[in-house]
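Notes to accompany the following structure.
The values are calculated or read from the model by the stated rules, or taken from the named source; none is laboratory data. In this text the structure is predicted, and so the values were computed from the model without any measurement. No Cβ is skipped: glycine too gets one built from the backbone with ideal geometry, and neighbour counts run over all protein chains shown.
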Amino acid sequence: MSIVKVAKRGNGLCLTLPSKDKFKLNQSWLLIANEKGGYELIPKLEDPYKQPDFKNQYEPEEWPNTDYREVE
(Lines give C-alpha, C1' and ligand atoms only; values in the text may rest on other atoms or scores of the structure.)
Protein backbone atom coordinates (compact mmCIF):
# COMPACT_ATOMS: atom_id res chain seq x y z
CA MET A 1 0.00 0.00 0.00
CA SER A 2 1.22 3.48 -0.85
CA ILE A 3 0.09 6.84 0.45
CA VAL A 4 -0.65 9.41 -2.25
CA LYS A 5 -1.48 13.09 -1.94
CA VAL A 6 -3.73 15.35 -3.97
CA ALA A 7 -1.84 18.29 -5.47
CA LYS A 8 -2.90 21.25 -7.56
CA ARG A 9 -1.52 21.47 -11.09
CA GLY A 10 -2.67 24.48 -13.05
CA ASN A 11 -6.47 24.64 -12.72
CA GLY A 12 -6.83 20.91 -11.98
CA LEU A 13 -5.99 18.40 -9.30
CA CYS A 14 -3.58 15.48 -9.56
CA LEU A 15 -2.40 12.59 -7.44
CA THR A 16 1.27 12.45 -6.52
CA LEU A 17 2.48 8.87 -6.83
CA PRO A 18 5.71 7.42 -5.46
CA SER A 19 8.30 6.94 -8.22
CA LYS A 20 9.78 3.80 -6.63
CA ASP A 21 6.65 1.72 -7.31
CA LYS A 22 5.26 0.43 -10.61
CA PHE A 23 4.35 3.88 -11.89
CA LYS A 24 6.18 5.17 -14.95
CA LEU A 25 6.18 8.58 -16.58
CA ASN A 26 3.43 9.02 -19.23
CA GLN A 27 1.81 5.69 -18.34
CA SER A 28 -2.01 5.75 -18.49
CA TRP A 29 -4.17 4.41 -15.65
CA LEU A 30 -7.92 3.99 -15.18
CA LEU A 31 -9.44 5.40 -11.98
CA ILE A 32 -12.62 3.44 -11.22
CA ALA A 33 -15.03 4.21 -8.38
CA ASN A 34 -16.15 1.20 -6.35
CA GLU A 35 -19.34 0.53 -4.36
CA LYS A 36 -17.74 1.44 -1.01
CA GLY A 37 -16.93 5.02 -2.06
CA GLY A 38 -13.27 4.31 -2.78
CA TYR A 39 -11.33 4.09 -6.00
CA GLU A 40 -9.32 1.46 -7.82
CA LEU A 41 -6.34 2.35 -9.97
CA ILE A 42 -5.86 -0.07 -12.89
CA PRO A 43 -3.17 0.20 -15.60
CA LYS A 44 -4.60 0.90 -19.04
CA LEU A 45 -3.66 -1.80 -21.54
CA GLU A 46 -2.50 -1.18 -25.07
CA ASP A 47 -5.11 -1.85 -27.77
CA PRO A 48 -3.89 -5.03 -29.52
CA TYR A 49 -6.08 -4.28 -32.56
CA LYS A 50 -4.66 -0.80 -33.16
CA GLN A 51 -1.63 -2.15 -35.04
CA PRO A 52 -2.10 -5.91 -35.37
CA ASP A 53 0.92 -8.14 -35.77
CA PHE A 54 -0.17 -10.40 -38.63
CA LYS A 55 2.91 -12.63 -38.25
CA ASN A 56 1.62 -13.86 -34.88
CA GLN A 57 -1.85 -14.53 -36.31
CA TYR A 58 -0.66 -16.91 -39.03
CA GLU A 59 -2.25 -20.37 -38.87
CA PRO A 60 -0.62 -23.05 -41.05
CA GLU A 61 -2.88 -25.12 -43.27
CA GLU A 62 -4.12 -28.29 -41.62
CA TRP A 63 -3.78 -30.23 -44.91
CA PRO A 64 -1.23 -28.32 -46.97
CA ASN A 65 -1.20 -30.82 -49.84
CA THR A 66 -4.98 -30.70 -50.50
CA ASP A 67 -6.15 -29.40 -53.85
CA TYR A 68 -9.35 -27.49 -53.11
CA ARG A 69 -10.69 -28.15 -56.59
CA GLU A 70 -10.96 -31.85 -55.71
CA VAL A 71 -13.33 -31.19 -52.78
CA GLU A 72 -17.01 -31.60 -53.61
Handout entry: Close pairs (8 angstrom Cβ cut-off, 6 or more residues apart or separate chains): within 16 Å of Ile42 (Cβ to Cβ) in segment 1-30, polar (S, T, N, Q) and not in a strand (DSSP E or B) anywhere
Key = Leu17/Ser2; Asp21/Ser2
Exercise for the section: Filter segment 10-39 down to residues that are exposed (fewer than 10 other Cβ atoms within 10 Å of the Cβ) and in a strand (DSSP E or B), then give me how many there are. Expected result: 4
Handout entry: Output for segment 40-72, where each listed residue is basic (Lys, Arg) and either surrounded by 10 or more Cβ atoms within 10 Å (Cβ to Cβ) or at pLDDT 80 or above (or both)
Key = Lys44
Completion exercise
Subset of segment 15-29, residues modelled with pLDDT of 85 or more and over 19 Å from Met1 (Cβ atoms), comes to Asn26, Gln27, Ser28
